[in-house]
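For reference, the structure is listed below as structure tokens.
Every number here is computed from the coordinates shown, using simple stated rules; none is lab data. Nothing here was measured: the structure is a model prediction, and the numbers come from that model. All Cβ positions, even for glycine, are placed from backbone atoms using ideal geometry, and neighbour counts span all protein chains on display.
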Amino acid sequence: MDLSLSDEQKQLQEAAERFVRDKYTFENRRKIAASERGWLPENWAQFAELGWLGMAFSEEDGGYGGGPIETMIVMEQFGKGLVLEPFLPTVVLGGGMIASAGSKAQKEALLAPMIEGKKQFAFAWLERQSRYNLADVSLKATKEGAGWSLSGHKGVVYNAPSADHIIVLARTAGSAREPKGLTLFIVDAKAKGISRRDYPTQDALRASELTFDKVSVGADAVLGKVDDAFPVVEGAVDRAIVALCAEATGCMDAINAATLEYIKTRKQFGVPIGKFQVLQHRMVDCFTNAQEARSMTLMASLKIDDKDPTVRAKAASGAKVQIGKSGKFCGQSAVQMHGGMGVTDELSVSHYFKRLTMIDLMFGNQQHHLTRYSNLAMAA
Amino acid sequence: MDLAFTPEEQKFADEVRAFVRANLPADVRDKVKNGKHLIRDDYMRWQQALGKKGWLVYTWPKKHGGPGFTPAERYIFENICAEEYAPGIIPFGTKMVGPVIYTFGTDEQKAKYLPSIRESTVWWCQGYSEPGSGSDLASLRTKAEKQGDHYIVNGSKTWNTMGHWADWIFCLVRTDSKAKPQEGISFLLIDMKTPGITVKPIIMADGGHEVNEVFFDNVKVPVANLVGKENEGWTCAKFLLANERLGIAAVPQSKRGVAALKDIARAEQENGKPLIENQSFAEKIADLEIQVTALEFTELRVLSQMAHGGQPGPEVSGLKIRGSEIQQRITELTMEAVGEYSAPYLPGLLWQGTNEAPVGPDYAHLAAPRYFNTRKTTIYGGSNEIQKGIISKMVLGL
């Protein structure tokens, strides 16, 4: 057993650290968040150049042969800088699903350009009623000649405003909430019949509500097997969860560091407030929570490619529960220990807090994953 | 001991409800019900209606122009106002500076300031905290130097709530820099239109503007605006904080919040069923409701004690601690109920009340901003760490 990073992985970590340090000062991030796209094309080009867009894909698929650990390393640094570029929807989710279920033609047409930084994706699965049930899908795809016609609604689709292609989870058979009968379609974002309502999110990302009105796609738009998308989606979402956990550990490290610095320097009653035991103990709990989060993220990153889907699912859910718990504790504590300053827009602390809060809500909150984990763990 | 209302109290309750229904402007009620942000005029219209009835200063005794409510009447009044979606009464005049003026002020000051507080024709704000003086309020440095019949005030105040709407500010200022921190402080009333005052917005985590920094640059304040004795302002300050902590528990608002949370949990779906049927989630709401009940009965005990001539003591701090935690928990569970639809950030709808359609149900886009914003409740009015310090020292003798 060896849990240390290889030399290549260390270099990757240093490069990601450098990127965040150079490009994501708090003031820079504010500017990027306010820009038209909400992310910077030059940063995306740099990701491609540094090989980050292809690092987790096999050489066969045009990637550089890394895996979840590489994703973890980069996502953690992204968390430290609250990076806004759409790495998760494009690379982890979109790229991940194409790599795991795509045809050779799809990989050539989509994955290769994605790795070069020329294509971006969005994953449209959520609907108003879905909550965290990935199978609660009612957007319908019906046969239309050799192809398909898609009609229905999708919500909170991250990166939809910038994506070249939307990967849509649609119902092709079966009843509501049945895992069987779901199919993935790769749809041109500009296809006729798609209308979009774009908005920023609480944590300064961009997302959309999408309405599909008889959107026609060819048979070649199907990603994977018809009626059998659920396992692909579940696997991709579990991987996305683990990537999010890594991002959250980065957020926690950053918010804890900022809080520690603050309580060492902020003076009240003639001493730094960090001299008060009540704050010392809370700070220690923040530190411990971040350590637990880091451990669970590492565990999940190591197990996420396990052949046994139960092992994989338990790892992802277990980590997500921990991240939900630790993220909330660190976030709320950081705000509290910063006092009034913690609830202002002016300091970075509220921005980390908002991101940690939204990470908990993405792809199932703490409660959802506790239930999922419990069902998996007690069945064994 | 009897929990039930007497026939007189029941009659009073009916009277309050009828009054609120007849006098609360419908648009203001709708805004409160739908969690929209209120503007100055919304508060003023409601408060002036209450003022005409003599109920705005519902905590004041009769001799200062209040209705002299019994604790039970006060409780009834607060609860019915909240149930009917009346906006919270802005406390700076009614619950803070008003009682300070009638307790420590001169007859001239009472005559000058109290009527406009009772009628809500003047908007007050608070000048307590400073950038370097938060929990350690007594370390404040805004100074007032006496020159003839004026004080010259220099310094800055922060976390000034709604000061951009205010006509007057009450301030703690340092009048003796050589004395011990608590002994050189005075309580001054300052007209916001006085030259030299600048109000600068502080933008909160939810993107909103409710608090400010207020800068004083050689602001001339008549000596007649001093309340109580010079250098004895700390007495006023402590008196005010004790009053502030009483209302801060916000029990009626939290009861309303729990009811709204249940409505949302009934409307939200999970696996084709209302979320409220999820046992784990239902138990979280139940746990919250029990906490609210405990808080409510603690407050009732304090009110009952006050009815028998007692004054709220340091134990009132406990109300603030739990009350603020409960307010936060409500927002946390509301966001949990809304789930991923908390993510859309719609500032136009949130702040300007534009006609932009919400994304998802109307309540969804409010959930996260409320959660972020409500983190302030365990910080303001003396942080909960400070409150616990007070209880451990003053009540437990540690």
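The table that follows gives values for the structure above.
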quantity: Chain A: most fluctuating residue of A:193, A:270, A:67 per GNM, C-alpha cutoff 10 Å; calculated: A:270
quantity: For the stretch B:159-317: relative contact order, % (alpha-carbon pairs under 8 angstrom, 6 or more apart); calculated: 19
quantity: Placed amide H near residue B:211: partners under 5 Å, 5+ positions off or other chain; calculated: B:162, B:202
quantity: A:55, A:299 arranged by Cβ crowding within 10 Å, fewest neighbours leading; calculated: A:299, A:55
quantity: Measure of compaction for the stretch B:248-395 (Cα Rg per 2.2 N^0.38 Å); calculated: 1.21
quantity: Rounded to 10°, Cα long-axis angle of helix A:7-23 versus longest principal axis of chain A; calculated: 80
quantity: Relative contact order (percent, whole number), the stretch A:122-230, Cα cutoff 8 Å, 6+ residue spacing; calculated: 31
quantity: Cα convex hull of the stretch B:7-89, projected area averaged across orientations, nm²; calculated: 5.2
quantity: Normalised per residue, the volume of the convex hull around the Cα set of chain A (Å³); calculated: 142
quantity: Number of partner chain Cβ atoms within 10 Å, mean per residue of A:340-348; calculated: 6
quantity: Candidates per trypsin sites (Lys or Arg not before Pro) in the stretch A:298-380, loop by DSSP, up to 16 other Cβ within 10 Å; calculated: A:307
quantity: Debye intensity ratio in log₁₀ form over the Cα atoms of the stretch A:237-379, taken at each q of 0.15 Å⁻¹; calculated: -0.71
quantity: Integer Hz, Karplus 6.51/-1.76/1.60 couplings in order for the stretch A:353-369, x for Gly and Pro; calculated: 4, 5, 5, 4, 5, 6, 4, 4, 7, 7, 6, x, 7, 3, 5, 4, 6
quantity: Tilt relative to chain A, helix A:309-338 - C-alpha long axis, 0 to 90 degrees, to 10; calculated: 40
quantity: For the stretch B:112-123, Karplus couplings with θ = phi - 60° (6.51, -1.76, 1.60), whole Hz, Gly/Pro x; calculated: 6, 9, 5, x, 6, 6, 4, 9, 6, 9, 10, 9
quantity: For the stretch A:249-310: rounded, prolate or oblate by the Cα gyration tensor [a/c cutoff 1.5]; calculated: prolate
quantity: Chain B - Rg (one decimal) and Dmax (whole number), Cα, Å; calculated: 21.7, 75
quantity: Anisotropy class of the stretch A:122-230 from Cα gyration tensor, a/c 1.5 cut; calculated: oblate
quantity: Sum of -39500 (n - 2.57) over DSSP H runs of 4+, divided by residues of the protein assembly as shown (222 nm, nearest 500); calculated: -15000 deg cm²/dmol
quantity: Between helix A:277-303 and chain A: long-axis angle, C-alpha atoms, 0 to 90°, nearest 10; calculated: 30
quantity: Cubic angstrom per residue, convex hull over Cα atoms of the stretch B:33-77; calculated: 87
quantity: Semi-axis lengths (Å, descending) of the ellipsoid that matches the C-alpha gyration tensor of the protein assembly as shown; calculated: 53, 29, 23
quantity: Flagged links, alpha-carbon separation over 30 Å, of A:23/A:275; B:112/B:388; A:118/A:154; A:104/A:180; A:225/A:307; B:11/B:63; calculated: A:23/A:275; B:112/B:388
quantity: Percent of C-alpha pairs per 10 Å bin, the stretch B:162-202, short to long; calculated: 26, 41, 28, 4
quantity: All-pairs Cα distance distribution in the stretch B:99-243, expressed in whole percent, bin size 10 Å; calculated: 12, 44, 37, 7, 0
quantity: The stretch A:149-183 residues near the modelled residue A:40 label - backbone nitrogen below 12 Å, point 7 Å along Cα→Cβ; calculated: none
quantity: HN-Hα J in Hz across the stretch B:261-277 - Karplus 6.51, -1.76, 1.60, θ = phi - 60°, x for Gly and Pro; calculated: 4, 4, 4, 5, 5, 7, 7, 6, 9, 9, 6, x, 10, x, 4, 5, 7
quantity: For the stretch A:1-110: rounded, prolate or oblate by the Cα gyration tensor [a/c cutoff 1.5]; calculated: oblate
quantity: Placed amide H near residue A:123: partners under 5 Å, 5+ positions off or other chain; calculated: A:158, A:167
